[in-house]
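Q: The structure is given below, and queries will be raised subsequently.
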Amino acid sequence: MGQKILDIGCCFGQDLRRLALDAGRSDVLFGLEYRSRFVELGLDLFKDRDTFQSSIFSGDVFDESFIESIISSVGRFDVLYVGSLFHLFGVEQQRQLVRILFRLLKSDFLIFGRAYSGDSVDLGGAGFLNGVPSDQLQQMFESASPGPVSCEMALDSYEYKGGGDAFKRFLPQGSKELVFSVRSF
Ligand SMILES: C[S@@+](CC[C@H](N)C(=O)[O-])C[C@H]1O[C@@H](n2cnc3c(N)ncnc32)[C@H](O)[C@@H]1O
């Protein structure tokens, strides 16, 4: 019985599949994604409908009854991955998201993820990036945690990232990505 991992905002499930390859199993890997279409597109893209064993729950992470239904069906998680999600929301929703993360976790846990951390940017019809300052996110985790936590926050450059300039061209010069981990101790 391995530790259970939930990828929140897992999109096509690309990171879950990478993790399944590295770990050699996918039955302890779970995803949560608002757009069920993305989940379907992931199955088409990776052509693994018959072999992919992770469960991806489709719904809104802010919907408390949806969260409770996940906990009722598979229990709480040891590890949460939150990649490029916080910056989609304003400060109050970020605070709410932190509370929901703790709701999903066992008492011994690890949360890790990344978020855009520069000046807020309008993506011209494709949404808005709310810069997530590291001290603000750390304070949210520390104040919402039911027990003592150890937080690590680091600012990384976007320069190393692949994927062409489609996304990077919207970012102000020198924008940073916040990479974070929060663990119980
Ligand atoms: C920017 S993508 C990040 C994808 C991936 N986690 C990564 O790190 O590259 C954000 C994902 O979160 C999903 N999402 C946005 N709002 C959500 C919500 N309220 N509940 C669940 N998923 C949500 C989006 O549909 C999208 O797939």
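Q: Taking into account only those residues within the range 13-46 that are of a type outside the set (A, V, I, L, M) and near the ligand (Cβ under 8 Å from one of its atoms), which is surrounded by the most Cβ atoms within 10 Å (Cβ to Cβ)? Give the steps one after another, and end with the answer.
A: Within the range 13-46, the subset of a type outside the set (A, V, I, L, M) is 13-15, 17-18, 22, 24-27, 30-31, 33-38, 40, 42, 44, 46.
Subset that is near the ligand (Cβ under 8 Å from one of its atoms): 14-15, 33-35, 38.
Details: GLN14: 14, ASP15: 16, GLU33: 22, TYR34: 20, ARG35: 12, PHE38: 18.
By that ranking, first place goes to GLU33.
Q: If you don't mind, another one. Would you mind telling me which numbered condition in (1) in contact with a Lys or Arg (Cβ under 7 Å, 6 or more places away or on another chain); (2) within 9 Å of the ligand (Cβ to nearest atom) VAL82 fails?
A: Unmet for VAL82, out of (1) in contact with a Lys or Arg (Cβ under 7 Å, 6 or more places away or on another chain); (2) within 9 Å of the ligand (Cβ to nearest atom): (1).
Q: Being within 14 Å of the ligand (Cβ to nearest atom), more than 22 Å from SER181 (Cα to Cα), of a type in the set (S, T, N, Q) and in a helix (DSSP H, G or I) narrows it down to one residue among SER65, SER73; which is it?
A: It is SER65.
Q: Now, a different point. Quick check: anything in the range 65-85 within 12 Å of the chain's Cα centre (by Cα) and of a type in the set (Val, Ile, Thr)? I'd like the intermediate steps shown before the answer.
A: So in the range 65-85, the residues within 12 Å of the chain's Cα centre (by Cα) come out as 79-85.
In the following step, the residues that additionally are of a type in the set (Val, Ile, Thr) were identified as 79, 82.
For the range 65-85, residues within 12 Å of the chain's Cα centre (by Cα) and of a type in the set (Val, Ile, Thr): present.
Q: Somewhere in the range 91-111, is a residue in contact with a Lys or Arg (Cβ under 9 Å, 6 or more places away or on another chain), in contact (Cβ under 8 Å) with a residue 12 or more places away in the chain and more than 15 Å from VAL182 (Cα to Cα)?
A: No, because not a single residue in the range 91-111 is in contact with a Lys or Arg (Cβ under 9 Å, 6 or more places away or on another chain), in contact (Cβ under 8 Å) with a residue 12 or more places away in the chain and more than 15 Å from VAL182 (Cα to Cα).
Q: Only one residue in SER73, SER36 is over 24 Å from GLY127 (Cα atoms) and of a type outside the set (Phe, Trp, Tyr). Which one?
A: Testing whether each residue is over 24 Å from GLY127 (Cα atoms) and of a type outside the set (Phe, Trp, Tyr) leaves just SER73.
Q: For the range 81-100, which positions are in contact with a helix residue (DSSP H, G or I) (Cβ under 8 Å, 6 or more places away or on another chain), of a type outside the set (Val, Ile, Thr) and assigned to a helix (DSSP H, G or I)?
A: Once the filter is applied, which keeps residues that are in contact with a helix residue (DSSP H, G or I) (Cβ under 8 Å, 6 or more places away or on another chain), of a type outside the set (Val, Ile, Thr) and assigned to a helix (DSSP H, G or I), the range 81-100 yields PHE86, GLN94, ARG95, LEU97, ARG99.
Throughout, read-outs are computed from the coordinates displayed, never taken from laboratory work. From a predicted model like this one, the values you see are computed outputs, not experimental measurements. Counting neighbours? That spans all protein chains shown, and the Cβs are built from the backbone with ideal geometry, glycine included.
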